[in-house]
């Protein structure tokens, strides 16, 4: 089976599951909260749903391994970065669902995964002239893990923002099967803290790798500027939470700003080079 077909199949499975969770969680839970008869399961996952999620994850993961890590030469552009990030995001959400009733996150995560999973089939990325060492690939994986943890934290922040908006506009339609908002906020900051640590370690390893290969700590290009900016923003968010107890809209705005800066770093800069400038 051609790889492009597997890409499309994985994307279609993600999309079908996104529609399923939207129908059975978002629509059913807001209707139930408004007093309609309960339809479908609670926000926890059934066994068959967990198993179904593993199918596109396995297909997608196999493709990423074959195209990036098992390939003789490295191709890693904006499409590969987004594809890896969303694969890890869905995998983290799957693991998170074992401990928390957060299936309402899945429609958003799966919809984005459906969009990003087939991108490498259409945008193969720039072929590196020489094979990169294992250390660089590990650095790349750690960076994508940081991106994914920030993405999951962003999804949580969006969910909190939507629930808070419903509490003000239509309290009767707020889903009641979610954990308390304060618990969700604590989870957001735990994810952000973990991602910040991974991003810091990844940045430090990248500096050392650049020093050993190129003889200088870092190259001040658009990617570096936006990564440093996102690191400062997320660090400021965590400091503000620790010192001032930031939450709600303030925390959401800082999270959104940091995530946008992060996306403009590698995926954004590579998109400009590969698609707009065709380099």
- Query: Order of 247-254, 106-113, 263-270 by packing, highest average Cβ count within 10 Å first?
  - Reply: 106-113, 263-270, 247-254
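Starting with the fewest neighbours, write out 137, 223 ranked by other beta-carbon atoms found within 10 Å of each beta-carbon.
On the way: 137 15, 223 18.
In order of increasing Cβ crowding within 10 Å: 137, 223.
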- In whole angstrom, note down how far apart the Cα centers of region 74-111 and region 243-279 are. 17 Å
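Expected output is a single nm value to one decimal: the length gained when fully extending between residue 65 and residue 186, i.e. 0.36 nm times separation in residues minus the C-alpha distance. What is it?
Working: separation 121, 0.36 × 121 = 43.56 nm, distance 3.35 nm.
Contour length minus Cα-Cα distance gives 40.2 nm.
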- Query: How much length is gained on full extension from residue 99 to residue 257, taking 0.36 nm per residue of separation minus their Cα-Cα distance?
  - Reply: 54.0 nm
- Query: How do 277, 19 rank when sorted from fewest to most other Cβ atoms within 10 Å of their own Cβ?
  - Reply: 277, 19
- If 24, 89 are placed from fewest to most neighbouring beta carbons inside 10 Å, the sequence is 24, 89
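A short reminder: the numbers here are calculations on the coordinates, not readings from a lab. These numbers were taken from a predicted model, which means no experiment stands behind them. Using ideal geometry, Cβ is built from the backbone for each residue, glycine included, and neighbour counts are taken over all protein chains shown.
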